[in-house]
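What follows is one structure encoded as structure tokens, with my remarks underneath.
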Amino acid sequence: MLSPCISVAIAAVVLNATMMAHAADLRIGFKAEVTSADPHVLNGQNRNVWAHVYESLISEDAKLRPVPKLALSWRAVNPTTWEFKLRPGVHFHDGALMSAEDVKYSIDRAMHLTGARTFRSYLKGITGVTVTGPLTVQISTSETNPTVPDNLGLIAIIPRSLGANVSEESFASGKSAIGTGPYKFAAWINGQKVVLNKNADYWGTKEPWDSVTFQFIPREPARASALLSGAVDIIDGATANLKSAFRTAQNIEQTSVTSYMLNYLLLDQRRDVTPFVRDNNGAPMSSNPFKVPQVRQAMMRAISRSGLIRFLMKADGTASEQLVPVGFFGYDAGLHLPDYDVAAAKALLAEGGYPKGFRMTVQCPNNRYVNDGKLCEAMAQLFSRIGITTEVSVMPFSVFLPRAAGGPSGVSEFSIFMLGTGAVTGDSLTMLTSIIHTPDRKTGIGANNYGGYSNPQVDALIDAALETMDPIKREALQQQAARIALEDGAIIPLLNQNATWAYRNNLSFAPRADGFTMATDIRPR
């Protein structure tokens, strides 16, 4: 018979071994479903999952700053040519050695893939990919483009052996799901889960997880229940609403980080008469108050960003005065918008010709962003305090976005409305060219400037940044453009949505500003 001490020791070893075996399988409760297995189909949630299988030339750190991945280095050879030196000794999951020919194949495929959701807009302006050595490629552009490396960081590198006609079905079955990443495709059960297995031959840091399962759980309460029951180890989209649910759970931790997603107000600065603005008697107005700088500045002062965070968003948002959060390329530590000041706002309204204010309706989605409908209700109260009596109209995002964008005309149906967008590559130039620059339908610049803001001085600075290869000079141009535009009321920034997670406390987790839940950022403690 074994002694009690030995029995206890054996039990401890067995228990420890069981825990270690369990720890080798990571289970992620994921709020979104994968919609395509093709790594060149554009979708943020898809990229999160497939980034474990496929890698790009350049990766991003937690603040979305570029770092080497399959490319060891890159440089501008001349204003219209970028050169990338590839990492040697990288093998695809099928054992083939990665070369410059695979990079050319992948970029060419991403440039020409058909469909509604592709990376073509990020690759616009690239005129060719040339192999100049076994591990060297050159990217030619039609004009100077300093953001080529950032944009290529979105493109998965796959083997050229897949051929010109590789199909979605071939990726989905796993037959063509061949990358260079730390995990291999194991299974995708549509609507349920994706299972990945460790790539034992990975060129980089070896992973502790033998398998990683992304379990699709769209509803937040269901994700919380799965975590509490032990069915999953970590969940994303763990908003502040779940704090009470986890309060009594001693083994659950929550964390959040400021994400790139900016919520902001757009004002109709295009039309001389705007449809959802009335005088105080409810009659149509003969002028558009949003075209008056003092009115825009008054509305800027009406917003208490700290109050929105403290009383509504809590850990789900970070007050924002800029286009990008701290740490991103283009953030300006010296830029601060005017503080919440009711008296100053009323004085500016009077100075702008509206001493008694006016009435307006703000339109918002109610199922796209955390607390989006409630956020607009809170802003309505703030605007009403300065004399702009505000009503709120909310609707599903699928209805809201086409009306906000204006359809074929490009003229928004709304007068003032809330949207969210962000610098997915961590660079404020994305925001400047998308939502600030004067819209130009021929070139596509200003495509999401639905309010029609236009300032030639700002446009000139953005255009100069687009032609500046020196990153220090370019960042200074972008900061100057953003400063002028924001002080001019091009948009009214509100807050950055926070990316949120909850996880078991036997794990350590490093959150990212893109909100991605990466197994490579999760480790057993």
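Within the range 66-93, residues that are within 26 Å of Leu162 (Cα to Cα) have Cβ atoms under 6 Å from residues that are of a type in the set (D, E, K, R) in these pairs: Lys69/Glu55; Leu70/Glu55; Leu70/Arg87; Leu72/Lys85; Leu72/Arg87; Glu83/Arg75; His93/Lys184, counting only partners at least 6 apart in sequence or on another chain.
What do you reckon, is Ala164 assigned by TED's automatic domain parsing to the domain that holds Ser106 and under 10 Å from Val53 (Cβ atoms)? The answer is no for Ala164.
Candidates in the range 48-82 are the residues that are basic (Lys, Arg) and surrounded by fewer than 19 Cβ atoms within 10 Å (Cβ to Cβ); of these, the one that is farthest from Ile234 (Cα to Cα) is Arg75. Scanning the range 50-90 for residues that are of a type in the set (Val, Ile, Thr) and closer than 20 Å to Arg109 by Cα yields Val53, Ile58, Thr81. Listed conditions (1) modelled with pLDDT of 95 or more; (2) in contact with an Asp or Glu (Cβ under 7 Å, 6 or more places away or on another chain); (3) surrounded by fewer than 22 Cβ atoms within 10 Å (Cβ to Cβ); (4) on the phi > 0 side of the Ramachandran plot are all met by Val392, apart from (4).
When Ala226, Ala200 are checked against the criterion of being part of a loop (DSSP other than H, G, I, E, B), over 30 Å from Ser454 (Cα atoms), out of contact with any Cys (no Cβ under 8 Å at 6 or more places or on another chain) and of a type in the set (Gly, Ala, Ser), Ala200 stands alone in meeting it. Of the residues that make up the range 185-207, is at least one assigned by TED's automatic domain parsing to the domain that holds Met98 and free of Cβ contacts under 8 Å to residues at least 24 places away in the same chain? For the range 185-207, residues assigned by TED's automatic domain parsing to the domain that holds Met98 and free of Cβ contacts under 8 Å to residues at least 24 places away in the same chain: absent. Within the range 99-113, being touching a His at 6+ places or on another chain (Cβ under 7 Å) and within 16 Å of Ile178 (Cα to Cα) holds for Arg109, Ala110.
For the range 412-426, taking the residues that are of a type in the set (A, V, I, L, M, F, W, C) and within 22 Å of Gln45 (Cα to Cα), the one that is surrounded by the most Cβ atoms within 10 Å (Cβ to Cβ) is identified as Ala423. How many of the residues making up the range 97-119 are part of a loop (DSSP other than H, G, I, E, B), surrounded by fewer than 17 Cβ atoms within 10 Å (Cβ to Cβ) and touching a strand residue (DSSP E or B) at 6+ places or on another chain (Cβ under 8 Å)? Residues flagged as part of a loop (DSSP other than H, G, I, E, B), surrounded by fewer than 17 Cβ atoms within 10 Å (Cβ to Cβ) and touching a strand residue (DSSP E or B) at 6+ places or on another chain (Cβ under 8 Å) within the range 97-119 amount to 3. Annotation note: Cβ proximity below 7 Å between a residue of the range 395-409 that is touching a residue at least 40 places away in the same chain (Cβ under 8 Å) and a residue that is among the small types (Gly, Ala, Ser) (sequence gap 6+ or interchain) occurs for Ala404/Ser412; Ala405/Ser412; Gly406/Ser412. Listed by first and then second residue, the pairs linking a residue in the range 478-500 that is within 24 Å of Pro289 (Cβ to Cβ) to a residue that is surrounded by 24 or more Cβ atoms within 10 Å (Cβ to Cβ) and aromatic (Phe, Trp, Tyr), with Cβ atoms under 7 Å apart and 6 or more places separating them unless they lie on different chains, are Ala490/Tyr453. Being in a loop (DSSP other than H, G, I, E, B) and surrounded by fewer than 16 Cβ atoms within 10 Å (Cβ to Cβ) is a property that does not hold for Leu323.
Do you know which residues across the range 33-47 are under 26 Å from Ala238 (Cα atoms) and in contact with a Phe, Trp or Tyr (Cβ under 7 Å, 6 or more places away or on another chain)? The answer is Glu33, Val34, Ala37, Leu42.
Here is the figure for the range 244-263: residues that are in contact with a helix residue (DSSP H, G or I) (Cβ under 8 Å, 6 or more places away or on another chain) and either surrounded by fewer than 22 Cβ atoms within 10 Å (Cβ to Cβ) or part of a loop (DSSP other than H, G, I, E, B) (or both) total 6. Restricting attention to the range 264-299, the residues that are charged (D, E, K, R), part of a loop (DSSP other than H, G, I, E, B) and buried (at least 19 other Cβ atoms within 10 Å of the Cβ) total 2. If only residues of the range 427-456 that are small (Gly, Ala, Ser) and over 19 Å from Ile492 (Cβ atoms) are counted, the one that is surrounded by the fewest Cβ atoms within 10 Å (Cβ to Cβ) is Gly444.
Among the numbered conditions (1) more than 24 Å from Ala200 (Cβ to Cβ); (2) acidic (Asp, Glu); (3) part of a loop (DSSP other than H, G, I, E, B), the only one that Asp94 does not meet is (1). Being in a helix (DSSP H, G or I), at pLDDT below 95, within 25 Å of Ser259 (Cα to Cα) and assigned by TED's automatic domain parsing to the domain that holds Tyr450 is a description that applies to Ala315.
The values are calculated or read from the model by the stated rules, or taken from the named source; none is laboratory data. Values in this document were obtained by computation on a predicted structure and should not be read as measured data. Glycine gets a Cβ as well: all are built from the backbone with ideal geometry, and neighbour counts include every protein chain shown.
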